[in-house]
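*Asks:* I'd like to ask you about the structure that follows.
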Amino acid sequence: MRTLYTASQIASRVAELAARIEADHNGKPLLVLGVLKGSLIFLADLVRQLRLPLRYELIALSSYRKKTDPGELLVYGELPEPEPDEEVLIVEDIVDTGGTMARLTELLERHYGQSAKICALLDKRTRRNHHTVVDYAGFRLDSDDFVVGYGLDYDGHYRNLPYISVLEEEEL
Ligand code: PRP
């Protein structure tokens, strides 16, 4: 396992993202929609840096039930509904194929006529096969490395690491 981003690099980047989000929203209310389970740690750090009126809600979506290949997307629980004056910011740990975000933004549009912006700590472009625009990206990944830590897992493990690491071939 090799470290890709240290805890302090992540903290600096989260602060930069929060500053950009604040500047773009200009005091307008926000519904922050965290996608479980991967975004939990990023969400907790990000919202504590945002000086905006906000609510956060959590939605559990899962497609990588085992290992590394996406399967059918499962949605657990109700889709949180924005108040009329709220803008929606979806928070993800990683956007990979883009399938999860394409499905969630389509659900928000269909149920509530609501568009959403996307904030992802990692924007991994190598396997993207859906048209998904990441409005606020922490770090861009241009390799096909499998990353874990800071909420990201491999088969349920490593989410608690305070940094982001690459798993080597023999560890997969
Ligand atoms: C991961 C990640 C994103 C999704 C991104 O979730 O948290 O939600 O995959 O992949 P995509 O862009 O190819 O759709 P996962 O299904 O592993 O669930 P988890 O958050 O519970 O780990």
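FYI, it's all coordinate maths here, none of it is from the lab. Quantities reported herein were computed from a predicted structural model and do not represent experimental measurements. Heads up, the Cβs are rebuilt from the backbone with ideal geometry, glycines too, and the neighbour counts pull from every protein chain shown.
*Asks:* Given a cut-off of under 8 Å on Cα pairs at least six residues apart, what relative contact order in percent is computed for the chain? Please report the intermediate quantities before stating the final value.
*Replies:* Values: 327 pairs, mean separation 43.4, N = 172.
Worked out over the chain, it gives 25 percent.
*Asks:* Under a crude label model (7 Å from the Cα following the beta-carbon direction), how far is Asp145 from Glu78 in nanometres?
*Replies:* Once both label points are built, they end up 4.2 nm from each other.
*Asks:* Taking the beta-carbon count within 10 Å as an exposure proxy, list Met1, Met101 from fewest neighbours to most.
*Replies:* By the 10 Å Cβ count, ascending: Met1, Met101.
*Asks:* Tell me, which longest segment in the chain has none of the GluC sites (Glu not before Pro) that fall in DSSP loops with at most 14 further Cβ atoms within 10 Å? Mind dumping the intermediate values first?
*Replies:* Values: sites that count: Glu72, Glu78, Glu168.
Counting at most 14 other Cβ atoms within 10 Å as exposed, the longest clean stretch of the chain is 79-167.
*Asks:* In degrees, nearest 10, range 0 to 90: what is the angle between the Cα axis of helix 7-25 and the longest Cα principal axis of the chain?
*Replies:* Taking Cα atoms only, the helix is inclined about 20 degrees.
*Asks:* Check which residues have an amide H placed less than 5 Å from Gln114's amide H, if you skip close sequence neighbours.
*Replies:* Amide H neighbours of Gln114: Glu109.
*Asks:* Further, regarding this structure: When the dipole is taken about the Cα centre of the stretch 2-171, and only Lys, Arg (+1) and Asp, Glu (-1) are charged at their Cβ, what size is it in debye, to the nearest 20? Spell out each step's value before the answer.
*Replies:* Details: 20 positive and 29 negative charges, 37 e Å.
Magnitude of the dipole: close to 180 debye.
*Asks:* Could you list Phe146, Phe42 so that the one with the fewest beta carbons within 10 Å of its beta carbon is first and the one with the most is last?
*Replies:* On the way: Phe146 17, Phe42 25.
In increasing order of surrounding Cβ atoms, one gets Phe146, Phe42.
*Asks:* Hey, what number do you get for the chain at 222 nm if only DSSP H runs of n ≥ 4 count, each worth -39500 (n - 2.57), divided across all residues, to the nearest 500? Kindly include the intermediate steps, with their values, before the conclusion.
*Replies:* Details: 3 runs with 41 residues, N = 172.
Result for the chain: -7500 deg cm²/dmol, rounded to the nearest 500.
*Asks:* Related question: Work out the FRET efficiency for Glu168 and Asn26 from their Cβ-Cβ distance, taking R0 = 35 Å, and round it to the nearest 0.05. Please report the intermediate quantities before stating the final value.
*Replies:* Numbers: r = 44 Å, r/R0 = 1.27.
For Glu168 and Asn26, the calculated efficiency is 0.20.
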